[in-house]
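Peer 1: One structure, as structure tokens, below. Some questions next.
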Amino acid sequence: MTTRRLTEHLPFGEKRDPRFFGQDILSVSQFDREDLETIFEVAHEMYGMVERIGTFDLLKGKVLTNLFYEPSTRTSSSFVAAIERLGGSVVQINNVTYSSVSKGETLQDTVKTMESYTDAIVLRHPEKGSAALAAAAASKPVINAGDGPGEHPTQALLDAYTIREEMGAIDGLTITMLGDLKYGRTVHSLAKLLTLYDVKINYVSPDILQMPELLVKEVDAAGIDQYETTDLDDVLADTDVLYVTRIQKERFENPNEYDMVKDSYVITPETLTMAKESMIVMHPLPRVGEIATEVDNDPRAAYFRQMEYGMYVRMALLALVLGRA
Ligand code: NCD
């Protein structure tokens, strides 16, 4: 197939970093440490700009598609806020029942449609590998906002940014991931991304929700020290970052299995009495009982700050991918 390019001109002030400009964001595996430094630096600038002036015209004229085949509050709305704070706009498709998807249109055709109207596509879809499929069909950048139990790279970037902002650095830390490590795409992406740093990773989960073996092998091959347990007490006292996740009810084939594990872990103020004063508690949210609301007032509760960091990181990514960072 030949692709017809309509125009090929560089608007005034446009800066194109070839590592990001026009690129898909599909997996954290595509980044090296220097890429992360760039993203974090730009995110920090975005924070400063939002503090000072709120909305500015960096991406004026750019239009984003937010194509969501699965529920979302934070990822979807933080991308909307990100493009709007940068002066761009968004076409939002988050109820696919009302789009041609309900008539049986393929993901590829829907993506080809949206790229003819807009400059980049943020996609969330229930199937692992869907973002890569969409990217293969599209000539404009596709940003993976969660492909089933696969990956959630922009979440991992904001998680790493949160750790850096809150703890000062990522190297040297012990990070404990808790909850649904089998189906949780955020921990899949985060564990892979952390291989770029000198960290120790603990996995705490019910037996049936362990981190996939392949991923553990990949992380091991990068020389990262990993430890698996079902008991948080084994590792809590040594933990610098406690990353809590929701049991992913929607991914269970057998509802009885969900019922067996749904209340496995609940973080309470009492849990935190056993933890370091300097530890932070993170969660990609939504939570459904795994962190008691009484924990919210503890300064170690970083999950609401984590959401805000997410907008700056997504602003940075959009600016880099659309060529104006
Ligand atoms: C997560 C997701 O969708 O993977 N949410 C998010 O993007 N912040 C976590 C979850 O749904 O449990």
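Peer 1: Return the sequence-ordered ³J(HN,Hα) values of the stretch 259-264 in whole Hz as given by the Karplus equation 6.51 cos²θ - 1.76 cosθ + 1.60 applied to θ = phi - 60°, using x for Gly and Pro.
Peer 2: These are the phi-based 3J(HN,Hα) values: 4, 5, 10, 4, 10, 4 Hz.
Peer 1: Hey, how many Å between the Cα centroid of the stretch 221-235 and the Cα centroid of the stretch 261-285?
Peer 2: The stretch 221-235 and the stretch 261-285 have Cα centres spaced 16 Å from each other.
Peer 1: Please give the length that would be gained between T73 and A292 if that part of the chain were fully extended, namely 0.36 nm times their separation in residues minus their C-alpha to C-alpha distance (nm, one decimal).
Peer 2: The span from T73 to A292 would gain 76.8 nm if fully extended.
Peer 1: Same structure, new question: At 1.4 Å probe size, with the rest of the protein present, what percent of the exposed accessible area of the chain is carbon and sulfur atoms?
Peer 2: 50 percent
Peer 1: I'd like to verify something in the chain: which complete DSSP H helices, judged by Cα projection on the helix axis, reach 20 Å or more and average at least 0.5 on the Kyte-Doolittle scale? Mind showing how you got there, number by number?
Peer 2: Values: long enough: 33-53 (30 Å, -0.29); 153-167 (21 Å, -0.35); 303-321 (27 Å, 0.61).
Sorted by number, the helices that extend far enough and score high enough are 303-321.
Peer 1: Next question. As a test of the formula, what do you get for the chain when each DSSP H run with n ≥ 4 contributes -39,500 (n - 2.57) and the sum is divided by the residue count, at 222 nm and rounded to the nearest 500 deg cm²/dmol?
Peer 2: On the way: 10 runs with 117 residues, N = 325.
The per-residue figure over the chain is -11000 deg cm²/dmol.
Peer 1: Roughly what would the spin-label model give for R300 and A137, points 7 Å off Cα along C-beta, in nm?
Peer 2: 4.6 nm
Peer 1: Gain in length, E270 to E34, computed as 0.36 nm per residue apart minus the alpha-carbon separation, to one decimal in nm?
Peer 2: Here the segment from E270 to E34 would lengthen by 81.0 nm.
Peer 1: Beyond a 31 Å Cα-Cα separation, which of these cross-linked pairs lie in this structure: K103/K217; K200/K249; K140/K249?
Peer 2: K103/K217; K140/K249
Peer 1: Another question, if that's okay. Given Cα pairs under 8 Å that are at least 6 residues apart, what percent is the relative contact order of the stretch 153-307?
Peer 2: Taking the mean separation of contacting Cα pairs over the length of the stretch 153-307, I get 24 percent.
Peer 1: Sort 183-195, 97-109, 209-221 by packing, meaning the average of other beta carbons within 10 Å per residue, with the highest value first.
Peer 2: Numbers: 183-195: 24.4, 97-109: 11.8, 209-221: 14.8.
Result, highest mean first: 183-195, 209-221, 97-109.
Peer 1: Using DSSP, restrict attention to beta bridges with both residues in the chain and report what percent are antiparallel, rounded to the nearest 5.
Peer 2: The answer is about 0 percent antiparallel.
Peer 1: What number comes out for the charge environment of L26, summing +1 per Lys or Arg and -1 per Asp or Glu over other residues with Cβ under 10 Å away?
Peer 2: Once all neighbours under 10 Å are counted, the net charge is -3.
Peer 1: Give me the 1.4 Å probe accessible area per residue for the chain, excluding ligands and nucleic acids, in Å².
Peer 2: Heavy-atom SASA per residue in the chain reads 46 Å².
Peer 1: Sticking with this structure for a sec: Using label points projected 7 Å from each Cα along Cα→Cβ, tell me how many nm separate E250 and D109, to one decimal.
Peer 2: 2.4 nm
Peer 1: Then there is this: Working only with C-alpha atoms, what are the Rg and Dmax values of the chain, expressed in angstrom?
Peer 2: When restricted to Cα atoms, the chain yields Rg and Dmax of 19.8, 63 Å.
Peer 1: Quote the FRET efficiency, to the nearest 0.05, computed for Y258 versus Y227 with a Förster distance R0 of 25 Å and r equal to the Cβ-Cβ distance.
Peer 2: 0.45
Peer 1: Return the long-range amide H neighbours of V122 (sequence gap of 5 or more, or a different chain), with a cut-off of under 5 Å between placed amide H atoms.
Peer 2: The list, which skips near neighbours in sequence, is T65, N66, L67, I143.
Peer 1: Right, next: What figure in square angstrom, to the nearest 10, would you give for the accessible area of I170 with a 1.4 Å probe?
Peer 2: For I170, the solvent-accessible surface is approximately 10 Å².
Peer 1: Also, quick follow-up: I'd like the distance separating the alpha-carbon centroids of the stretch 15-39 and the stretch 78-107, in whole Å.
Peer 2: 23 Å
Peer 1: Given H placed on each backbone N at 1.01 Å, which residues far from V90 in sequence or on other chains put an amide H within less than 5 Å of it?
Peer 2: Result for V90 returns L64.
Peer 1: Return, ordered by residue number, the residues of the stretch 97-118 whose backbone nitrogen is under 17 Å from a label point located 7 Å along Cα→Cβ of E127.
Peer 2: 97, 100-113
Peer 1: What does the highest-first list of 255-262, 117-124 look like by mean Cβ count within 10 Å? Please list the in-between numbers first.
Peer 2: On the way: 255-262: 12.9, 117-124: 23.2.
Top of the packing list down: 117-124, 255-262.
Peer 1: Let me ask you something else. Compute the Cα gyration tensor for the stretch 37-140, then decide on rounded, prolate or oblate, letting a ≥ b ≥ c be the square roots of its eigenvalues: rounded whenever a/c is under 1.5, prolate when a/b is larger than b/c in the other cases, and oblate in all that remain.
Peer 2: Taking the square roots of the gyration eigenvalues as a ≥ b ≥ c, the stretch 37-140 is prolate.
Peer 1: Could you sort the peptides 302-312, 76-86 by per-residue average Cβ neighbour count (10 Å cutoff), highest mean leading?
Peer 2: The densest-packed peptide leads the list: 76-86, 302-312.
Peer 1: Hey, another quick one. If each residue of separation counts as 0.36 nm, what is the full-extension length gain between E84 and E277 once their alpha-carbon separation is subtracted?
Peer 2: 65.7 nm
The values are calculated or read from the model by the stated rules, or taken from the named source; none is laboratory data. The shown structure was predicted, so the numbers you read here are calculated from the model rather than taken from an experiment. Counting neighbours? That spans all protein chains shown, and the Cβs are built from the backbone with ideal geometry, glycine included. Surface accessibility is based on the protein's heavy atoms, side chains included, excluding ligands, DNA and RNA. Shrake-Rupley method; radii C 1.70, N 1.55, O 1.52, S 1.80 Å.
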